[in-house]
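Colleague: Mind looking over this structure? Questions follow.
The numbers here are math on the coordinates, done by the rules we state, and not lab data. Because the structure is predicted, anything quoted here is derived from the model rather than measured. Neighbour counts run over all protein chains shown; Cβ positions are idealised from the backbone, glycine included.
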Amino acid sequence: MRTSIKDAKRIVVKVGTSTLTHENGKINFARLDKLSEVLSDLANEGKEIILVSSGAIGIGAAKMKWTHRPVSVVERQAAAAVGQSELMHLYSKFFGEYGHVVAQILLTSDVFEKPVLRKNVQNSFNKLLSQGIVPIVNENDPVATDEIEGEKSIGDNDTLSALVAKNVHADLLILLSDIDGFYTDNPKVNPDAILIDHVDDLTDDLLNNAKGAISALGTGGMSTKLKAAQIVMQEGIDMVIAHGEHPNVLYKITKGELIGTWFKGKQDE
Ligand code: GLU
């Protein structure tokens, strides 16, 4: 039993595009509906929920009936601008069915670097959460382009969700992904790869031993998740990586059950 997780009140949940869309790129309505239902239920339990949701680019491209994956910066920006409003429309509809109001917060990395902006956004999160509203966060893709303005972009939502968790002083960050957790090796190639139940410290030994798992899942894969873990663990925030196929898994995770990989937040000595 993961006791510190059981007591977590302020929880950031991150979902990736693969959780929200089918393999053909179209929206997975059932998944979005279920996710909204479970998060609404957790909010009813008295937890403060922040959702970091990807999917703007994928949903925008599908809405514009693009048959190719947007690759260039400007195509990704255009797709994100179209997809973000569609994504919020859907969340607003589904959460609304379960009696919850959502709010959109779009961020760029400079928000966390400039004290005034950081304070502003912290105040907004706190006010929304105190009103029982579920903030839904994404990177402000149309203005954040790492290729063009290096320092302005966070680049991936794993890192973004960790920065959000850190800045709102969350108790727990949950990354829902298309993998069950952090393995000792790439489970797709090595049948002996073992799912790591918990990580107390991201030591060089651990990272070296798990090289296969880290590199195999490449960009936006395990390496960005471990970077997220690094950010939150040193703030004393717990993190869990789990499979997002069945959003019901969030009930088990928040009860402290042994699902996925638990990265334990550092405790003060
Ligand atoms: N912000 C991007 C989107 O909404 C996703 C980035 C990521 O998933 O890492 O499509």
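Colleague: Does the stretch 56-168 come out rounded, prolate or oblate, given a ≥ b ≥ c as the square roots of the eigenvalues of its C-alpha gyration tensor, rounded meaning a/c under 1.5 and, failing that, prolate meaning a/b above b/c?
Modeller: oblate
Colleague: I would also like to ask the following. Long-range amide H contacts for GLY155: which residues qualify at under 5 Å (H placed 1.01 Å from N, peptide plane, sequence gap of 5 or more or a different chain)?
Modeller: Sorted by chain and number, the residues that satisfy this come to none at all.
Colleague: Let me ask something additional. Structure shown: which of LYS26/LYS225; LYS119/LYS166; LYS65/LYS225; LYS14/LYS266; LYS9/LYS166; LYS14/LYS127 lie over 23 Å apart, alpha-carbon to alpha-carbon?
Modeller: Listed pairs above 23 Å: LYS26/LYS225; LYS65/LYS225.
Colleague: 7 Å from Cα along Cα→Cβ at both LYS227 and LYS119: what's the point-to-point distance in nm?
Modeller: Distance between the two pseudo-spin positions: 2.9 nm.
Colleague: Moving to a separate point now. Roughly what % of DSSP beta bridges within the chain run antiparallel, to the nearest 5?
Modeller: Expressed as a percentage, antiparallel bridges in the chain total about 15.
Colleague: While we're on this one: Say the dipole of the chain comes from +1 at the beta carbon of Lys and Arg and -1 at that of Asp and Glu; which of LEU226, VAL116, LEU128 then lies farthest toward its positive end?
Modeller: LEU128
Colleague: Tell me, what is the percent relative contact order of the stretch 17-86, built from C-alpha pairs under 8 Å that lie six or more residues apart?
Modeller: 31 percent
Colleague: Quick one: Karplus J couplings for the stretch 164-179, per residue in order, coefficients 6.51, -1.76, 1.60, θ = phi - 60°, nearest Hz, x for Gly and Pro?
Modeller: 5, 4, 5, 7, 9, 6, 6, 8, 8, 10, 10, 9, 8, 9, 9, 9
Colleague: Please work out the FRET efficiency for the pair ASP41 and VAL73, using the Cβ-Cβ distance as r and a Förster radius of 41 Å; give the result to the nearest 0.05.
Modeller: 0.60
Colleague: Viscosity 0.692 mPa s, temperature 37 °C: Stokes-Einstein D of the chain from its Kirkwood Cα radius, in µm² per second?
Modeller: Reported coefficient: 175 µm²/s.
Colleague: Could you grab the relative contact order for the chain? Cα pairs under 8 Å, six or more apart, rounded to a whole percent.
Modeller: Worked out over the chain, it gives 23 percent.
Colleague: Rounded to the nearest Å, what's the spacing between the alpha carbon centres of the stretch 155-180 and the stretch 40-70? Just the number, please.
Modeller: Value for the Cα centre distance between the two parts: 14 Å.
Colleague: FRET efficiency for GLU97 and ASN209, Cβ-Cβ distance as r, R0 = 30 Å, nearest 0.05?
Modeller: 0.10
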